Amino acid sequence: MNDTNISLATAFAGLELHSCLYNASGPWCTTREDLDSIGKSSSGAILTKSCTLEERAGNPSPRYYENQLGSINSMGLPNKGYKFYGEIAADIQSDFDKPYLISVSGLSLKNNLYMLAELNGNSNVSAIELNLSCPNVPGKPQTAYDFKQVVHVLTEVTKVNAKPLGIKLPPYFDIIHFEEMAAIINEFEVSFVTCVNSIGNGLVIDVEKEAVVIRPKGGFGGIGGDYIKPTALANVRKFRELLRKDIAVIACGGVKNGVDAFEHILCGADAVQIGTQYHREGTSCFSRIAAELQDIMKNKGYAKLSDFKGKLIQY
Ligand code: SIN
């Protein structure tokens with residue numbers, strides 16, 4: 001049961017969300033049915049699967065595996081093509097009273113610029129999350145690990161884009177890299193960053209079978225779930241410290257309950273995405289985790305997110 005005296009409302013990039021919890025661009029956000037289910041749920045927003053210029057079937061199966069500690073995936077961007085997500089935007093906006101964000105992950109800068117220009121003409125698209133961190137397309141690097149290329153991409157993208165723009169980042173592991181990346185982002189018209197995509201190119205092994213658990217790329221894939229929570233928290237915390245104050249930080253990584261969401265907000269997250277747990281549980285995770293987060297807030301005497309957002313104590 002949600003406690004109406006305790007608000008989970010948040011705002012970023014000019015968007016207002018009744019709940020700070022919503023889906024990560026990943027599981028169950030590819031088809032119209034998926035997106036309708038998110039619309040009907042307690043999710044604070046609707047975010048699509050990362051789209052490409054053309055529809056893609058993605059990598060061969062099995063391409064997703066999970067255990068109690070988390071998940072590994074090498075989906076390879078299966079999606080219905082950017083046109084589909086643009087065409088349904090008006091219906092989604094009229095059916096559901098929440099922001100509709102499209103995740104864009106072109107296979108080239110040219111494709112990204114084309115999709116962004118087209119989606120910018122669509123007033124029913126609330127914002128774009130530009131995915132610069134997919135680790136799963138064979139032969140395509142994770143752009144956000146190449147700082148020179150990020151400068152080039154953001155220079156070109158911000159010429160064609162006038163919508164609220166977010167960037168989905170991979171996890172970083174070195175303070176110098178946090179600083180370099182934040183300094184780059186601070187130079188551009190970016191409204192939010194999403195920290196983090198999966199930890200790329202991990203390996204999970206089935207000891208019984210003495211085999212990898214997914215087929216693409218020899219079993220290598222992006223790691224999510226509990227495995228990545230400390231890394232995700234560190235990225236949220238560091239980017240919150242280093243980015244311009246008008247750039248929101250959206251957390252993603254290892255959120256399966258109210259405690260996890262609370263920790264991300266304590267690190268400075270303006271909103272919290274749910275990936276692996278949404279894959280496991282379906283849309284009921286949004287109301288369950290909301291109720292758990294409200295419980296924690298109530299016990300601590302907090303009525304709204306700003307009562308504790310970013311207030312992590314350091315010794
Ligand atoms: C995938 O479709 O391979 C996952 C997308 C991503 O990690 O960015």
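Consider segment 172-230 and keep the residues that are of a type in the set (S, T, N, Q) and away from the ligand (no atom under 13 Å from the Cβ). The one that is nearest to the chain's Cα centre (by Cα) is SER191. Going by what's in this entry, would ALA162 be described as of a type in the set (A, V, I, L, M, F, W, C), touching a residue at least 24 places away in the same chain (Cβ under 8 Å) and out of contact with any Leu (no Cβ under 6 Å at 6 or more places or on another chain)? So ALA162 fits the description; yes. Which one is nearest to VAL193 (Cα to Cα), of the residues in segment 125-140 that are among the β-branched types (Val, Ile, Thr) and more than 10 Å from the ligand (Cβ to nearest atom)? Ranking the qualifying residues of segment 125-140, first place goes to ILE128. For segment 132-149, the condition of being out of contact with any strand residue (DSSP E or B) (no Cβ under 8 Å at 6 or more places or on another chain) and on the phi > 0 side of the Ramachandran plot holds for at least one residue. Checked against (1) without any contact (Cβ under 8 Å) to a residue 60 or more places away in the chain; (2) crowded, with 22+ Cβ neighbours inside 10 Å; (3) not β-branched (Val, Ile, Thr), GLY121 passes all but condition (2).
In segment 165-185, the residues that are among the β-branched types (Val, Ile, Thr) form Cβ pairs under 6 Å with partners that are part of a helix (DSSP H, G or I) and surrounded by 15 or more Cβ atoms within 10 Å (Cβ to Cβ), at six or more places apart or across chains, as follows: ILE184/VAL150. Here ASN161 fulfils each of the conditions (1) open to solvent by 10 Å² or more (accessible area, probe 1.4 Å); (2) within 30 Å of PRO62 (Cβ to Cβ) apart from (2).
For every residue, the table says whether it meets (1) touching a residue at least 24 places away in the same chain (Cβ under 8 Å); (2) out of contact with any helix residue (DSSP H, G or I) (no Cβ under 9 Å at 6 or more places or on another chain); (3) within 12 Å of the ligand (Cβ to nearest atom).
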| position | (1), (2), (3) |
| --- | --- |
| SER19 | yes, no, no |
| SER25 | yes, yes, yes |
| ASP34 | no, yes, no |
| GLY39 | yes, no, no |
| GLU54 | yes, no, no |
| ALA57 | no, yes, yes |
| ARG63 | yes, no, yes |
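Every condition in (1) closer than 20 Å to SER103 by Cα; (2) not in a strand (DSSP E or B) is met by ILE6 except one, and the failing one is (1).
Only one of (1) of a type in the set (Gly, Ala, Ser); (2) farther than 16 Å from SER103 by Cα; (3) more than 12 Å from the ligand (Cβ to nearest atom); (4) within 17 Å of the chain's Cα centre (by Cα) fails for ALA13. Which number is that? The number of the failed condition is (2).
Regarding ILE265, is this residue among the hydrophobic types (A, V, I, L, M, F, W, C), more than 16 Å from the ligand (Cβ to nearest atom) and free of Cβ contacts under 8 Å to residues at least 40 places away in the same chain? Show your work before the answer.
Details: among the hydrophobic types (A, V, I, L, M, F, W, C): yes; more than 16 Å from the ligand (Cβ to nearest atom): yes; free of Cβ contacts under 8 Å to residues at least 40 places away in the same chain: no.
Answer is no for this residue.
Only residues that are open to solvent by 40 Å² or more (accessible area, probe 1.4 Å), within 21 Å of ILE72 (Cα to Cα) and not acidic (Asp, Glu) were counted across segment 258-304, and they come to 3.
Determine, yes or no, whether ASN5 is over 25 Å from LYS140 (Cα atoms) and open to solvent by 30 Å² or more (accessible area, probe 1.4 Å). Against the criterion (over 25 Å from LYS140 (Cα atoms) and open to solvent by 30 Å² or more (accessible area, probe 1.4 Å)), ASN5 qualifies.
The values are calculated or read from the model by the stated rules, or taken from the named source; none is laboratory data. Everything quoted here is computed from the prediction, not taken from an experiment. Cβ: placed from backbone, ideal geometry, glycine included. Neighbour counts: every protein chain shown. What goes into the accessible areas is simple: the full protein's heavy atoms, side chains included, and nothing from ligands, DNA or RNA. Shrake-Rupley method; radii C 1.70, N 1.55, O 1.52, S 1.80 Å.
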